[in-house]
1. Could you give the length gained by full extension between residue 269 and residue 251, i.e. 0.36 nm per residue of separation minus their alpha carbon distance, to one decimal place?
2. Against the longest principal axis of the chain, how steep is helix 166-175, in degrees 0 to 90 to the nearest 10, with axes from Cα atoms?
3. Please report 22, 103 as a ranked list, fewest other C-beta atoms within 10 angstrom at the top and most at the bottom.
4. If I build a Gaussian network model for the chain, linking alpha-carbon pairs within less than 10 angstrom, which residue out of 173, 232, 249 has the largest mean-square fluctuation?
5. Just grab the label-to-label distance for residue 39 and residue 150, each label 7 Å out from Cα along the Cβ direction, in nm (one decimal).
6. Give me Rg over Rh for the stretch 80-177, both radii from the alpha carbons and Rh done the Kirkwood way, two decimal places.
7. Given R₀ = 22 Å, what would the calculated FRET efficiency be for residue 110 paired with residue 160, taking r from the Cβ atoms and rounding to 0.05?
8. Average projected area of the Cα convex hull of the chain, in nm²?
């Protein structure tokens, strides 16, 4: 369920002076699209109605869309309940979130105490602060859970991580102000997409090999059947008159799934891998129906 929106005051303006802060992702997410935004700009349609992103992750694409379209009407969703709670709290209760984040400490023993907490015993604000804190202080900024849904990334030992970026949290709160945020499977979330809407799909990528899979953003894996279901929904959105753009691995399986649609190759540098020889610049596939 999505946390209920409360009648709370809007985020306070930045106290640092100067121009207003442009919103950017408040969590680091494996496969994030920050480095590809300039490339994506040439593919984003000039005119559309609402914006839909059912695999929001770190939200780099959404915040980029906000910079392009200040009055953006958007719907964001994800199957990661902790992440969606965090987005809702940033939108609705950012000042309490900032207060909660300031209480956290960049210490190993403390990190593991927070990591081991039962989130059902925490308030929504505490859960959101916990996610951001763990994300900023864990190894490589990697969000990963085990089959029981427990966060299991070790401490990162960073000297001075920016756990609480107040200006950016307030900027992202403002950007999210009128955004619909739901914890929902992509198939359900996309039922509201209509003709003329722009849909961006960034699912967990199809593995390039049998040993390269990383789909553990939730306790459920995203396998070939899910990829096929998503391809079917992509085709349905096309028939519905939506403008659809999808990112995925550049391999034959994905190319065949979307064989009837336009395909473009883009390049990204991926650093989250336990083996240094598997990090670096790799091709990714961009699929469009326009």
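1. On the way: separation 18, 0.36 × 18 = 6.48 nm, distance 1.67 nm.
Length gained, residue 269 through residue 251: 4.8 nm.
2. Roughly 40 degrees between the two axes.
3. Details: 22 14, 103 10.
Ranking 22, 103 by Cβ neighbours within 10 Å, fewest first, gives 103, 22.
4. 232
5. It works out to 3.8 nm between the two label points.
6. Numbers: Rg = 12.8 Å, Rh = 13.6 Å.
Ratio of gyration radius to Kirkwood radius for the stretch 80-177: 0.94.
7. Details: r = 15 Å, r/R0 = 0.70.
According to the calculation, E is roughly 0.90.
8. Numbers: hull surface 61.2 nm².
It is 15.3 nm².
Coordinate-derived values only; no laboratory data. What you see is a predicted model, and the numbers here were worked out from it, not measured in a lab. FYI the Cβ positions are ideal-geometry reconstructions off the backbone, even for glycines, and counts take in every protein chain you see.
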